[in-house]
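The values are calculated or read from the model by the stated rules, or taken from the named source; none is laboratory data. Not measured: the values here are computed from a predicted model. Cβ atoms come from the backbone with ideal geometry, glycine included; neighbour counts cover every protein chain shown.
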Amino acid sequence: MDLKINWFGFAGSISLLALVIISLFVPWWQLSVGDDLMVAKASPLNTNFSFIGDSLTIPLIMALNIASVLLLSAAGIVMSIYSIKPLKSYSTKLLGFAYKKPLYSVVLFVAGLVIMTIIARSLFGFDVPLFGSQLSTLPSDMTQGVTISVFMTASFQWPFVFAIVGVGLCIAAKIYHKKIVPTNNKHLVTRTPRISQSISSSVALKES
Amino acid sequence: MQLLGLVLILLNVGAIATPIAGVVLLNSNDLSQIIIPTEFEEIISNTICNGESIQLPQYIGSSYDQSSRTAQVIFNFSNPFEFDLTLNTVSANIVCLDHNFALGYAALDDTVLIKQEETQTIIMNFVWTISAENHFLSQHVNASAIDAKLVEITLDISGIIIEVPEEIIISLPIVS
């Protein structure tokens, strides 16, 4: 009976499922403009903007958030199935599906923020901080001679750190998988030839 | 095994494609709504682009306290927007209009909340310096008030800092 459990994977799956729930309520990153005149709360799973108290939802971002919720939830469930039965023949496929998802989420989220700041600088001419506080001055051609500066404060919240921990656990699960899978199993693994390859080889045999 | 791989691929594709397709279908009559929804345009037009803009504080009058060498300069400040504003600071340098002599610095004592589409009276306190008093004694001996101007006016409105190039002319009562 196979009793081996990939504990990194198990912890990773728990952290992923917890991250999905937490991120629905607490953002990964928050930007505040002025005295909360505009607030942006962002994470790959839930993003909302409020402008002078009015809440705003951008449909495309909402769709991407739903996609992230589905994918990370699926990754968490698949990772938990894998971690309980890491030696099964299908486990490698499950692990391959699950361990990359949180990594992609974190990387794409940070890339999205960086791109957003670059767009803000190039299109509107003012700097949006990724973290920390900054007094950004609007370009004078936008303000008709009046100098208008806006105090912006941005910060990564604790769920972002939690997400990085989840990424770490999932990558550790992948590394640990190589250790717990017996080396002689490697010899047992056979690749199913692609149908096209099989056909071409059978044709070659017939011809010979 | 191949079935599992297929299921996982379908899960990947479906999880991304389904919500996006849903949003596209819901906004099929105007696809620009996917990025800029109507509510966003409404908020912008009702708040920022409602044809109104912040006006400089309107000078009402001034009073002075001889013992503390302070003057109070009273303004009306209007909020033309459909949301409340907090006037965190208003500050300016005060300069004698006739001689362009720096008299001191005026500032708001406390924050003032100005409700939407309302006008609020704000009071700026001005403590004049010894050199300003000497200026009054030497250049405005018989005057009970002098004309002065507020320059380098800076307003902090709800965290937005506005530096105004215009000057406000005021009549300042002085100790003669």
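Given the structure, is A:Lys101 over 30 Å from B:Ile44 (Cα atoms), in contact with a helix residue (DSSP H, G or I) (Cβ under 8 Å, 6 or more places away or on another chain) and charged (D, E, K, R)? Answer is yes for this residue. As a summary of the residue check, A:Ile21 satisfies the conditions (1) within 13 Å of chain B (Cβ to nearest Cβ); (2) β-branched (Val, Ile, Thr); (3) over 16 Å from A:Leu113 (Cα atoms) except for the one numbered (1).
Please verify whether A:Thr153 is surrounded by fewer than 18 Cβ atoms within 10 Å (Cβ to Cβ), more than 30 Å from A:Ala172 (Cα to Cα) and at pLDDT 90 or above, treating the condition exactly as stated. Considered against the rule, which asks whether it is surrounded by fewer than 18 Cβ atoms within 10 Å (Cβ to Cβ), more than 30 Å from A:Ala172 (Cα to Cα) and at pLDDT 90 or above, A:Thr153 comes out as yes.
In segment B:121-166, of all residues being of a type in the set (Asp, Glu) and more than 16 Å from the chain's Cα centre (by Cα), the one that is farthest from B:Asp65 (Cα to Cα) corresponds to B:Asp147. Determine whether A:Met116 is free of Cβ contacts under 8 Å to residues at least 60 places away in the same chain and surrounded by 15 or more Cβ atoms within 10 Å (Cβ to Cβ). Judged against the criteria, A:Met116 is a match.
Does B:Val112 satisfy the condition of being of a type in the set (Val, Ile, Thr) and under 21 Å from B:Ser171 (Cβ atoms)? So B:Val112 fails the test. In the set A:Pro27, A:Pro59, A:Pro44, only one residue is over 17 Å from A:Ala154 (Cα atoms), buried (at least 19 other Cβ atoms within 10 Å of the Cβ) and not aromatic (Phe, Trp, Tyr); that residue is A:Pro59.
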